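Asks: The structure under discussion is supplied below as structure tokens; questions concerning it will follow.
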Amino acid sequence: MTQPALAHQGIAVCPPTTRLMITGPGNVELISENLPPLGPTDVYAQAVVSGISHGTEMAWVRGSAAALHRSWLPEQRLFTSGAGRDYPVAPGYETIARVTAVGSAARDRIAVGDLVALDRPHATGHVVSVDTAEAGRLPAGIDPERAVFFILTRVALGGVHDAGIHIGDTVVIVGLGTVGLIAGQLAYLAGARRVIGIDRYPIRLEAAESLGMTAMHTDTEADVAHLVRKLTGSAGADVAIEASGSYAGLHEAIRCVRVGATVSTVASYHGDQGGLRLGEEYHRNRITLVSSMTVNGCPQRTHPAWDPPRLSATARQLVTDGHVRVDGLITHRIPFSDARTAYGLIDTRPEETIKVVLTYDH
């Protein structure tokens, strides 16, 4: 239950929060800890729903995340040999929360009851600055389950910008999870004439077709690159966006495009994977491979015209206005208290999932 003292008397002590922690490969735990006192320019918000990032978070759960096995040198921006970061890890960055207490110097900027989108890990409650809360405040009337897609829409938007799609292009999307399905919609908005979505799971292929894409199944004996060329002509697609996070998927994205085309990657790649052979089509067809990254200290390529705040604001507006459709992409709603089940589902039955979210009962 919401604490009345916090909401109405401005008491500086916040209730303890329960935080989700990955404490080792395969170990997901809920840990109670105290939050810092609520300062005059702080806001306390209770989580309503948070989205699991299937690629990034499962890499931590499986123990394959690159940062676990190599040392990151931030000044040189290099990974080097040596021990990486250790567990525990607090995963998550797609939280929608309701403000229940506001510091004395922040009450003219945010109100109790406001919903805010926060780039914060999975936890029952958060203390953030009023600047952060105000930047994430949701438009009146929007459903929190739609707003939970704001951040991944920003990720997809950055990938589409980096892909350089032109009016009339044919675009291939490899991997039809949440980011891939949103990227396909954004490709149409950017001027694509045809978007071909490639995945191995029927539930995702059906979602792609419902969003106007041409769906193509990978679990067949047919060569996907040949099937793409049956639709595009012998040259291949103009652009590909790789959203599967697998080297084999990246290799197929490269094989599906024409000479001199661009492949934009929006996924994270983890562990030692096979299937990427850069001596073949990548080299022979002079493919441009673009890594799309808008966080971790990387400005957007068109900065300062497009910076993270503008990308975020545009993504929010696209979802709010319905230009990016997200209704129906949530396949599972699992209580935060049963988070282990959510990660187990994604790990062992991915063919049943598109977007899994955690719900919070206060």
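The values are calculated or read from the model by the stated rules, or taken from the named source; none is laboratory data. As the structure is a computational prediction, the values presented were derived from the model and not from experiment. No Cβ is skipped: glycine too gets one built from the backbone with ideal geometry, and neighbour counts run over all protein chains shown. To get the accessible areas, we keep the full protein, side chains included, count just its heavy atoms, and leave off ligands, DNA and RNA. Shrake-Rupley method; radii C 1.70, N 1.55, O 1.52, S 1.80 Å.
Asks: What distance in nm separates the simple spin-label points at R107 and T314, each placed 7 Å from Cα in the Cβ direction?
Replies: My value for the distance between the label points is 3.9 nm.
Asks: Another question, if that's okay. For segment 1-140, what does the alpha-carbon gyration tensor say about shape, rounded, prolate or oblate, given a ≥ b ≥ c as the root eigenvalues, a/c under 1.5 as rounded, and a/b over b/c as prolate?
Replies: Working: a/c = 2.31, a/b = 2.01, b/c = 1.15.
Note, shape of segment 1-140 comes out prolate.
Asks: Something else: Output the Kirkwood hydrodynamic radius of segment 128-250, Cα pairs only, in Å rounded to one decimal.
Replies: Working: mean 1/r = 0.0647 Å⁻¹.
Radius from the Kirkwood sum: 15.4 Å.
Asks: Also, I was wondering about something else. What is the angle, in °, between the Cα long axis of helix 150-163 and the longest principal axis of the Cα atoms in the chain? Nearest 10 is fine, range 0 to 90.
Replies: The angle comes out near 30 degrees.
Asks: Further, regarding this structure: Extension gain S129-D143, at 0.36 nm per residue separation less the Cα-Cα distance, in nm? All intermediate terms of the calculation are to be shown ahead of the outcome.
Replies: On the way: separation 14, 0.36 × 14 = 5.04 nm, distance 2.33 nm.
Taking 0.36 nm per residue and subtracting the Cα distance, the gain is 2.7 nm.
Asks: Note down the net charge around H54, summing +1 for each Lys or Arg and -1 for each Asp or Glu among other residues with Cβ under 14 Å from its Cβ. List each step's numbers first, then the result.
Replies: Working: positive: R62, R204, R349, K355; negative: E57, E94, D199, D347, E351, E352.
Within the 14 Å Cβ shell, the charges total -2.
Asks: Would you look at the GNM of the chain, springs on alpha carbons closer than 10 Å, and say which of D108, D321, D238 moves the most?
Replies: Of D108, D321, D238, the most mobile in the Gaussian network model is D108.
Asks: Counting only helical runs of four or more DSSP H residues, what would the 222 nm mean residue ellipticity of the chain come to if each run contributes -39,500 (n - 2.57) and the total is spread over all its residues? Before the final figure, lay out the partial values.
Replies: Working: 12 runs with 105 residues, N = 362.
Dividing the helical sum by the residues of the chain leaves -8000 deg cm²/dmol.
Asks: If you count, for each residue, the other Cβ atoms within 10 Å and average over each peptide, how do 205-216, 244-255 line up from highest to lowest? List each step's numbers first, then the result.
Replies: Values: 205-216: 18.5, 244-255: 23.1.
The densest-packed peptide leads the list: 244-255, 205-216.
Asks: Amide H to amide H under 5 Å from Q273: which residues, 5+ apart in sequence or cross-chain, H placed 1.01 Å off N in plane?
Replies: Answer set, sorted by chain and number: none.
Asks: Report, in degrees rounded to the nearest 10, the 0 to 90 angle that the Cα long axis of helix 178-189 makes with the longest principal axis of the chain.
Replies: Its long axis makes an angle of about 70 degrees.
Asks: Ok, one more. If you take every residue apart from R194 with its C-beta less than 14 Å away from the C-beta of R194, what net charge results, scoring Lys and Arg +1 and Asp and Glu -1?
Replies: Working: positive: R193, R229, K230, R258; negative: D169, E209, D238.
Residues near R194 contribute +1 overall.
Asks: Kindly sort C14, C298 by accessible area of their heavy atoms, largest first, with the probe set to 1.4 Å.
Replies: Working: C14 15, C298 40 Å².
Highest to lowest solvent-accessible surface, that is C298, C14.
Asks: Further, regarding this structure: Does segment 178-330 come out rounded, prolate or oblate by the C-alpha gyration tensor, with a ≥ b ≥ c the root eigenvalues, rounded set by a/c under 1.5 and, if not, prolate when a/b is larger than b/c and oblate if not? Please report the intermediate quantities before stating the final value.
Replies: Details: a/c = 1.64, a/b = 1.23, b/c = 1.33.
Judged from the Cα gyration tensor, segment 178-330 comes out oblate (a/c at least 1.5, b/c at or above a/b).
Asks: Counting only protein heavy atoms, what percent of the accessible surface of the chain is carbon or sulfur at a 1.4 Å probe? Mind dumping the intermediate values first?
Replies: Details: 8320 of 16290 Å².
It is 51 percent, rounded to a whole number.
Asks: Turning to a different aspect of this structure: Is segment 205-260 rounded, prolate or oblate when judged by the Cα gyration tensor, a ≥ b ≥ c being the square roots of its eigenvalues, rounded requiring a/c under 1.5 and prolate requiring a/b larger than b/c? List each step's numbers first, then the result.
Replies: Values: a/c = 1.41, a/b = 1.19, b/c = 1.18.
In terms of gyration-tensor shape, rounded.
Asks: Same structure, new question: Per-residue counts of other Cβ atoms within 10 Å, averaged by peptide: what ranking do you get for 68-74, 158-164, highest first?
Replies: Output ranking for 68-74, 158-164: 158-164, 68-74.
Asks: Compute the helix-to-body angle for 339-348: its Cα long axis versus the longest principal axis of the chain, expressed 0 to 90° and rounded to tens.
Replies: Tilt relative to the chain: about 10 degrees.
Asks: Further question: If I compute Cα Rg over 2.2 N^0.38 Å from the structure I just sent, which labelled value in [x] 1.03; [y] 1.18; [z] 0.96 lines up?
Replies: Entry [x].
Asks: Enter the accessible area per residue of the chain (Å², integer; probe 1.4 Å; all protein chains in place).
Replies: Numbers: 16290 Å² over 362 residues.
With the other protein chains kept in place, the chain gives 45 Å² per residue.
Asks: What FRET efficiency comes out for the pair T331/E280, r = Cβ-Cβ distance, R0 = 41 Å, nearest 0.05?
Replies: That pair, T331 with E280, gives E of 0.70.
Asks: When only the heavy atoms of the protein chains count and the probe is 1.4 Å, how do L189, L181 rank by accessible area, highest first?
Replies: On the way: L189 95, L181 0 Å².
Descending order: L189, L181.
Asks: Please state the charge dipole magnitude for segment 55-147, taken about the Cα centre, from unit charges on C-beta atoms (+1 on K and R, -1 on D and E), reported in debye and rounded to the nearest 20.
Replies: Details: 10 positive and 11 negative charges, 38 e Å.
Once rounded to the nearest 20, the dipole reads 180 debye.
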